[in-house]
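Here's the structure, in structure tokens; my notes come after.
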Amino acid sequence: MARIRYLKPDFFKDEDIAALPFWIRILYTGLWVMADKEGRLEDRPRRIKAEIFPYDRVDVAKGLDILSRQKNNSSRPFILRYCVDGERYVQILKWHDHQRPHHTESPSRIPLFNGELTVKQPLSNGYPTPTSSELVVNVNGDGDGEGNGECHTDKPSTIETIEKKARERGVDWEDEIKRMDIWLAKHPHRKKTDRFIMNWMMRADVVVAGKPRRRIVS
């Protein structure tokens, strides 16, 4: 079944979208069409260009770099570029806030982001977020981003560091852990590892976007 994606009127009024060059806006929406049910796709600039810009001369690798940078008005980028077992992938952020994939679409075969990013500078909120082309290094400069590059990753921050940053941001750590436990109880195949907790706190609205949470009453 063909993939059907939504483009809301608010897209054209978004200030962060408006700050992008026209061709990168097309690239961004083109990624939606290529992405699977969970908003993930392989980070292969040559293939992406062939699918989205078959008649144009554009540097898709550069466009992906720009989309992976922090927005002007938000603490998150448009996409995450990440590595799992040496393979490169893209995750479109806030995917299910804007897209409602058809229930007959095949499940994603691409692994979840697991915290393996090369991060040199944390953002103002203290949480590590990918910047530019730091996620993929040793790529030759022919403009297609493929080359013979390898994914080089640093170890994610320890759970103690994540807890410290969360508390500094005013996050109710115990309340978030309680929410996590409720979610994990409904998804017994997932494990409560340090990495999972780190990713949970990074994605939590109260951490990433400063939105208030309604406290869970015991």
Starting from 0.36 nm per residue, how many nanometres of slack lie between THR161 and LYS178 once their C-alpha separation is accounted for? 4.2 nm
Starting from the Cα-Cα distance between ILE4 and HIS189, subtract it from 0.36 nm times their residue separation and give me the gain in nm to one decimal. 63.7 nm
With a 29 Å threshold on alpha-carbon distance, the violating pairs from LYS62/LYS186; LYS37/LYS186; LYS62/LYS191; LYS8/LYS186 are LYS62/LYS186; LYS62/LYS191; LYS8/LYS186
Using the Karplus curve 6.51 cos²θ - 1.76 cosθ + 1.60 with θ = phi - 60°, what ³J(HN,Hα) values do you get for each residue of the stretch 9-16, in whole Hz, with x for Gly and Pro? x, 5, 3, 6, 9, 5, 5, 5
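Any read-out appearing in this document is the output of simple, stated calculations on the displayed coordinates, not a laboratory observation. What you are looking at is a predicted structure, and each value in this text was computed from that prediction instead of being measured.
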